[in-house]
Protein chains: 2
Amino acid sequence: MFTINENYLKLPGSYLFSNIAKKVNAYQSENPEAQILRLGIGDVTQPLAPAIIEALHKAVDEMANAETFHGYAPDLGYEFLRSAIAKNDYKDRGCDIAADEIFVSDGAKCDSGNIQEIFGLDNKIAVCDPVYPVYVDTNVMAGRSGEYNPNTQNFDGMIYMPCLEENDFVPEFPKENPDIIYLCFPNNPTGATITKAQLQEWVDYAKRIGAVIIYDAAYEAYITEEEIPHSIYECEGARECAIELHSFSKNAGFTGVRLGYTVVPKDLKCGDVQLHSLWARRHGTKYNGAPYIVQRAGEAVYSDAGKAQLKEQVAYYMQNAKVIYEGLKNAGYSVSGGVNAPYIWLKTPDKMTSWEFFDKLLHEANVVGTPGSGFGAHGEGYFRLSAFGSHENTIKAVERITKM
Amino acid sequence: MFTINENYLKLPGSYLFSNIAKKVNAYQSENPEAQILRLGIGDVTQPLAPAIIEALHKAVDEMANAETFHGYAPDLGYEFLRSAIAKNDYKDRGCDIAADEIFVSDGAKCDSGNIQEIFGLDNKIAVCDPVYPVYVDTNVMAGRSGEYNPNTQNFDGMIYMPCLEENDFVPEFPKENPDIIYLCFPNNPTGATITKAQLQEWVDYAKRIGAVIIYDAAYEAYITEEEIPHSIYECEGARECAIELHSFSKNAGFTGVRLGYTVVPKDLKCGDVQLHSLWARRHGTKYNGAPYIVQRAGEAVYSDAGKAQLKEQVAYYMQNAKVIYEGLKNAGYSVSGGVNAPYIWLKTPDKMTSWEFFDKLLHEANVVGTPGSGFGAHGEGYFRLSAFGSHENTIKAVERITKM
């Protein structure tokens, strides 16, 4: 008689964004006339940039002819894309990352969920609290946790590193030594950043205790300040202790196009075993490459025209971030984030819980945000608003919230 | 100190098709003038059908406007695609499968590798021998096997079901009861088929012993004979014991486009737990949907124009299968498959090993095939040729082999 993976049953309720979608759909069907404004899930709203559209059409045409048709892609991704990434995201920033240390994928969500597979089940996991739920849930599914404790809202056996106002939402080293540390800066959900000096301390710490850092850089395109690192490989020694995840979803609007990449430096080893070879094995065995047309679209992100157009697109969203940040601040809300990140993290008023504030916002302002408690116990009493709406809707949403 | 997933180290050498690529690349760089014909990896060569190209262009244009732009896709896939699948692949064939039992993905390789995650690590796995390596390797990676035994070329703790000439390459029930049974018909690599009556016996057997069948139907579009089932759900009771995997790679040439789907019927349960809800949880947590433009391309596969064009495309490849099958048979080779499948399975001459024959073919005929032993111990002494080349190259390859 077959058995199921019992670890799945440890997960309370369903995935955060699915829950939100259900609540919103229920409200919308009861109130069909309500014009709901969505500042919840981090989905983009601006169309793909012209340079990307052009690259997609061109690649589609290639697929229409036997001479230029492309079947299975190379395991790691096409050389043209990996070279563009290595040059633009690393070499030009003074980071020592080679094209063959880059693994192209269909997005950072998959990679951040799958990367734990190459590690033993006995590793102690440390995550920020609040945190992007995928890091936690995928380790629970694999069996790297005990049961869920409804009182602490934590899983037994995992290390939670509180990110609070007091520490500017940058975690301190945990009391117990972890083996695998997930960090994401600019942070989802808090919008907080880490300085290069602070990140260097984390790299030194990881090397000292023999831990791996899984560094999620999905939001690096939103960095506006000088001293904030775009990559963990700007820090000395990171090649020996860090894996970095990248997305094209937020810098290029690829949430519905699906493209990302992961960097596993060849210097990152456990004894004699390169993690690079393990991840290559996983990629070769369980994955079959991102679509050719999508990889060509990714290449266009690094073209001169693409870069210029996407700089404008990011600026468009950051203008929204400013509208939300300043609008709510002026209305008396306690807000952070929004300067180097497309997320604004606000304290719920009147000691409401995150979900109470979610319901209030949905029902009274017809605005959808993301409850901070969905990201962990220390997210309780906080709320995430995203800058990925249109200008018009963002202004309207801030007006509705401040009038509420 | 972090640890790695030691199960990865059990896997001998690297993935079959990566190995082949390395050998071919090495030969090509030493012999740059050699015109190598590839009948190895099951990659298609014909361009995408016009109806699919049209759908892709149209969807790309939608992504260029804010009003028609599409961000994150629904977890299970777009309704328009799931409905088309439910109607065409199931309802029209008399199978009772609903649209919300279909999970759209980026391909059957990923799904066939990932599906094991929702099961416990204590399940006993049964696979055909020879077999598509992904089923075995992904279970080894998860820890459902002992060590690799170089003498038997088997992993300890797994059940191998020999597929031989004597049983027409259809396995018999194993002596020891398995918990999870992988079946693939029309078969990769042997090209063998199973009749509906035979498949019904497997369904009855699985229900009797409490096992799940993971049925890989990636090649169903190549079925030409009446009594061969296109889906396991043509069998009575399959809703309670079977998961089915589908690919768009072979019926529509999507190897470089990436689209597939998996069916998990809601009647398939372990106690009270629906496997459907576990797979939904995995999909929602670790996956972010196939690209919108690709799902629109998938929809076009089921349009009238798409159907007509793809019927021709499949016929084109099956003409190749006939050329290979008859050419080699007339030259005295012992061949099977090729009638309801795009693969021809041949016995190596003169008791050569599969890799010896691979090298001979590469060096003397400049033809690439796939060594049968790469698919398991009982594939030793066999060789797979694929019908996915062009007519011209297929004819040329058969000429070169028969002259050899």
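Yes or no, residue by residue, for (1) farther than 19 Å from B:Ala73 by Cα; (2) in a helix (DSSP H, G or I); (3) at pLDDT 95 or above:
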residue: B:Lys266; (1), (2), (3): yes, no, yes
residue: B:His283; (1), (2), (3): no, yes, no
residue: B:Ala290; (1), (2), (3): no, no, yes
residue: B:Ile293; (1), (2), (3): no, yes, yes
residue: B:Glu299; (1), (2), (3): no, yes, yes
Quiz prompt | Residues that are more than 25 Å from A:Val257 (Cα to Cα) and free of Cβ contacts under 8 Å to residues at least 60 places away in the same chain, drawn from segment A:1-16 | solution = A:Met1, A:Phe2, A:Thr3, A:Ile4, A:Glu6, A:Leu9, A:Gly13
Quiz item: So, in segment A:10-31, of the ones that are within 14 Å of chain B (Cβ to nearest Cβ) and aromatic (Phe, Trp, Tyr), which residue ends up nearest to A:Val301 (Cα to Cα)?
Solution: A:Phe17
Self-check item: Per-region count, segment B:233-244, residues in contact with a strand residue (DSSP E or B) (Cβ under 8 Å, 6 or more places away or on another chain) and either closer than 17 Å to B:Asn88 by Cβ or acidic (Asp, Glu) (or both)
Solution: 3
Quiz item: What is the number of the single condition among (1) touching a residue at least 24 places away in the same chain (Cβ under 8 Å); (2) surrounded by fewer than 21 Cβ atoms within 10 Å (Cβ to Cβ); (3) within 11 Å of chain B (Cβ to nearest Cβ) that A:Glu165 does not meet?
Solution: (3)
Quiz item: Taking segment B:20-40, which residues are in a helix (DSSP H, G or I) and closer than 21 Å to B:Ile344 by Cα?
Solution: B:Ile20, B:Ala21, B:Val24
Quiz item: Within segment B:52-63, is even one residue modelled with pLDDT of 95 or more, surrounded by fewer than 21 Cβ atoms within 10 Å (Cβ to Cβ) and facing chain A (nearest Cβ under 7 Å)?
Solution: yes
Quiz item: What is the one condition in (1) over 21 Å from the mean Cα position of the chain (by Cα); (2) within 7 Å of another protein chain (Cβ to nearest Cβ); (3) not acidic (Asp, Glu) that B:Ala34 does not satisfy?
Solution: (2)
Quiz item: Taking segment A:291-320 only, how many residues are within 30 Å of A:Glu399 (Cβ to Cβ) and either out of contact with any Phe, Trp or Tyr (no Cβ under 8 Å at 6 or more places or on another chain) or assigned by TED's automatic domain parsing to the domain that holds A:Ala73 (or both)?
Solution: 8
Exercise. Being aliphatic (A, V, I, L, M) and over 17 Å from the mean Cα position of the chain (by Cα) is the filter; apply it to segment A:116-130 and report the residue that is farthest from the other protein chains (Cβ to nearest Cβ).
Key: A:Ile125
Quiz item: For segment B:37-75, what are the residues that are of a type in the set (S, T, N, Q) and either over 19 Å from A:Met63 (Cβ atoms) or more than 24 Å from the chain's Cα centre (by Cα) (or both)?
Solution: B:Asn65, B:Thr68
Exercise. Might you let me know whether segment B:397-404 holds any residue that is loosely packed, with under 15 Cβ neighbours inside 10 Å, β-branched (Val, Ile, Thr), out of contact with any Pro (no Cβ under 7 Å at 6 or more places or on another chain) and over 30 Å from B:Pro50 (Cβ atoms)?
Key: yes
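Conditions tested, residue by residue: (1) closer than 13 Å to B:Ala290 by Cβ; (2) within 14 Å of another protein chain (Cβ to nearest Cβ).
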| site | (1), (2) |
| --- | --- |
| B:Glu234 | no, no |
| B:Gly237 | no, no |
| B:Leu245 | no, yes |
| B:Phe248 | yes, yes |
| B:Ala252 | no, yes |
| B:Val257 | yes, yes |
| B:Pro265 | no, no |
| B:Leu268 | no, yes |
| B:Val273 | no, yes |
Practice problem: Could you grab the pairs with beta carbons closer than 8 Å, sequence gap of 6+ or different chains, first residue in segment B:195-210 and within 14 Å of chain A (Cβ to nearest Cβ) and β-branched (Val, Ile, Thr), second one surrounded by fewer than 18 Cβ atoms within 10 Å (Cβ to Cβ) and not in a helix (DSSP H, G or I)? | Solution: B:Ile209/A:Met1; B:Ile209/B:Asn177
Quiz prompt | Unmet requirement for A:Asp43, which otherwise passes all of (1) in a helix (DSSP H, G or I); (2) facing chain B (nearest Cβ under 9 Å); (3) within 30 Å of A:Glu234 (Cα to Cα) | solution = (1)
Quiz item: Restricting to segment B:71-117, what's the tally of residues that are in contact with a helix residue (DSSP H, G or I) (Cβ under 8 Å, 6 or more places away or on another chain), of a type in the set (A, V, I, L, M, F, W, C), outside any loop (DSSP other than H, G, I, E, B) and within 13 Å of B:Leu259 (Cβ to Cβ)?
Solution: 7
Quiz item: From the residues in segment A:71-92 that are within 9 Å of chain B (Cβ to nearest Cβ) and in contact (Cβ under 8 Å) with a residue 24 or more places away in the chain, which one is nearest to A:Phe254 (Cα to Cα)?
Solution: A:Ala73
Quiz item: What number of residues within segment A:268-281 satisfy the criterion of being in a loop (DSSP other than H, G, I, E, B) and out of contact with any strand residue (DSSP E or B) (no Cβ under 8 Å at 6 or more places or on another chain)?
Solution: 2
Quiz item: Of the residues A:Lys347, A:Lys329, A:Lys322, which is surrounded by fewer than 23 Cβ atoms within 10 Å (Cβ to Cβ) and either among the acidic types (Asp, Glu) or closer than 18 Å to A:Glu225 by Cβ (or both)?
Solution: A:Lys322
Quiz prompt | Which listed residue is among the small types (Gly, Ala, Ser), surrounded by fewer than 20 Cβ atoms within 10 Å (Cβ to Cβ) and at pLDDT below 95, from B:Ser390, B:Ser334 | solution = B:Ser390
Quiz item: Across segment A:185-225, which residue is surrounded by the fewest Cβ atoms within 10 Å (Cβ to Cβ) among those that are among the small types (Gly, Ala, Ser) and closer than 27 Å to A:Lys311 by Cα?
Solution: A:Ala197
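Here's the yes/no breakdown for (1) among the basic types (Lys, Arg); (2) outside the structural domain of A:Tyr317 (by TED's automatic domain parsing); (3) without any contact (Cβ under 8 Å) to a residue 40 or more places away in the chain:
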| site | (1), (2), (3) |
| --- | --- |
| A:Ser18 | no, no, yes |
| A:Ala21 | no, no, yes |
| A:Ala26 | no, no, yes |
| A:Glu33 | no, no, yes |
| A:Ile36 | no, no, no |
| A:Val60 | no, yes, no |
| A:Phe69 | no, yes, yes |
Exercise. Find the residue count for segment B:275-287, including only residues that are facing chain A (nearest Cβ under 8 Å) and under 21 Å from the mean Cα position of the chain (by Cα).
Key: 1
Quiz prompt | Criterion violated by A:Tyr182 - all others in (1) aromatic (Phe, Trp, Tyr); (2) surrounded by fewer than 17 Cβ atoms within 10 Å (Cβ to Cβ); (3) closer than 29 Å to A:Leu9 by Cα satisfied | solution = (2)
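The values are calculated or read from the model by the stated rules, or taken from the named source; none is laboratory data. Every value quoted in this text rests on a predicted model; they were computed, and no experiment measured them. Heads up, the Cβs are rebuilt from the backbone with ideal geometry, glycines too, and the neighbour counts pull from every protein chain shown.
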